[in-house]
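Working notes, beginning with the structure itself.
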Amino acid sequence: MKRFGAVGGAIGLLLLAAWSQPAAQSGQVGGRGGGGGSGRGVRTRKAVLAWADTRNGIAQHDSVSHALAVIERLGYESGAYDTFIRTDSSTISKQPTMTSGQPASGGPSLGNVDAIFFLGHREVELTAQQKADLLSFVRDEGKGFVAAHTAVTAFEWWPEFGDLLGARYDGHPWNTAYGSIINEDPAFPATKHFPAVFNFTDEFYQAREYSRDRIRVLLRLDVSKMPANPELHRTDGDFPLAWARMYGKGRVFYSALGHASSTWDDPSIYRMYFEALKWSLGMSEADATPRLLKSPH
């Protein structure tokens, strides 16, 4: 296994210990799967497009680069998937084009990747055809979509994206704060390593336009332990921080956790996203049936 310093070594040890079963079964641990539409051979592993378009310049997060690097390294060291990192949106298409408008040569597209890891935000510019391709990629083709933190702020004026993701952004009442998180689903692959209740510091995003009859909440902030805040809009104590859902045939996961770069060095966080990606790729199974709030605060 290749190592990438202290954090990379920690990832490698954890992956070797418990997470690389799908790759090990096919004799692939570490390295690249090769292939894809590049003419360099047949791809031997799943492919993930790590997509973070931040060109609008609003509320850019310093953590984006590191988060994408961690996602790539998780796939590389485990051998579970290959990653294309892209910070523009031209690849969100069945037929990507160059800046000249001519067909792109090689590289990722919605025709040759198996899941998207999304960390874009605000109004990412997509054409009508790109939007249709993205929805179809998940809904009709059954591909995966894993989104982190700022992703819930994206495409505010595109209603169908809210339907895909399962919620919209409604601010972060306490900015970065220390809070208590409740693990509602310790059986789900992405959250089974968390204790029933744990303390964490992050920029906790508040969700709106969501309903528990459409998403399966996995992690929830215990708002009863947070200071009073006039920007807290929910009155039912239901403050989800991670959820999963089916969107047509596709598997969708979102977590609000991941504001600071250092958060992505936390084994519990990068394990959550790694397991979420594996689930979205069909490498593990879990119940994503929506459930009502069991213990309101």
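The values are calculated or read from the model by the stated rules, or taken from the named source; none is laboratory data. Owing to the predicted nature of the structure, the values given are computational and were not obtained by experimental measurement. Note that each Cβ is placed from the backbone with ideal geometry, even for glycine, and that neighbours are counted across all protein chains shown. With ligands, DNA and RNA removed, areas are computed over all heavy atoms of the protein, side chains included. Shrake-Rupley method; radii C 1.70, N 1.55, O 1.52, S 1.80 Å.
Values as computed for the structure displayed
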{"read-out": "Vicinal HN-Hα couplings computed from phi for the range 229-235 (Karplus, 6.51 cos²θ - 1.76 cosθ + 1.60; Hz; Gly/Pro x)", "value": "8, x, 8, 7, 8, 7, 10"}
{"read-out": "Cα-projected label distance for Glu125 with Ile85, points at 7 Å along beta-carbon direction, nm", "value": "2.4"}
{"read-out": "Furthest towards positive pole of dipole, Pro173, Pro227, His193, structure part the range 163-235, Cβ charges", "value": "His193"}
{"read-out": "Where GluC sites (Glu not before Pro) fall in DSSP loop in the range 204-297, at most 16 other Cβ within 10 Å", "value": "Glu209, Glu231, Glu285"}
{"read-out": "Mean separation of Cα contacts under 8 Å (6+ apart) over length of the range 186-297, as relative contact order %", "value": "37"}
{"read-out": "Dipole in debye (nearest 20) - the range 198-297, about Cα centre, beta carbon charges: Lys, Arg +1; Asp, Glu -1", "value": "440"}
{"read-out": "Pairs beyond 19 Å (Cα-Cα), from Lys249/Lys278; Lys46/Lys192; Lys143/Lys249; Lys249/Lys294; Lys192/Lys278; Lys192/Lys225", "value": "Lys46/Lys192; Lys249/Lys294; Lys192/Lys225"}
{"read-out": "His193, His121, reordered so the largest accessible area comes first (probe 1.4 Å)", "value": "His193, His121"}
{"read-out": "Percent carbon-and-sulfur accessible area, the range 187-297, ignoring ligands, DNA and RNA, probe 1.4 Å", "value": "52"}
{"read-out": "Heavy-atom surface of the range 173-245, accessible at 1.4 Å and reported per residue (Å²)", "value": "40"}
{"read-out": "Full-stretch length increase - Ser65, Arg208 - with 0.36 nm per residue and alpha-carbon distance subtracted", "value": "48.8 nm"}
{"read-out": "Spin-label model distance (nm) - Asp266 vs Thr289, 7 Å beyond Cα toward Cβ", "value": "3.1"}
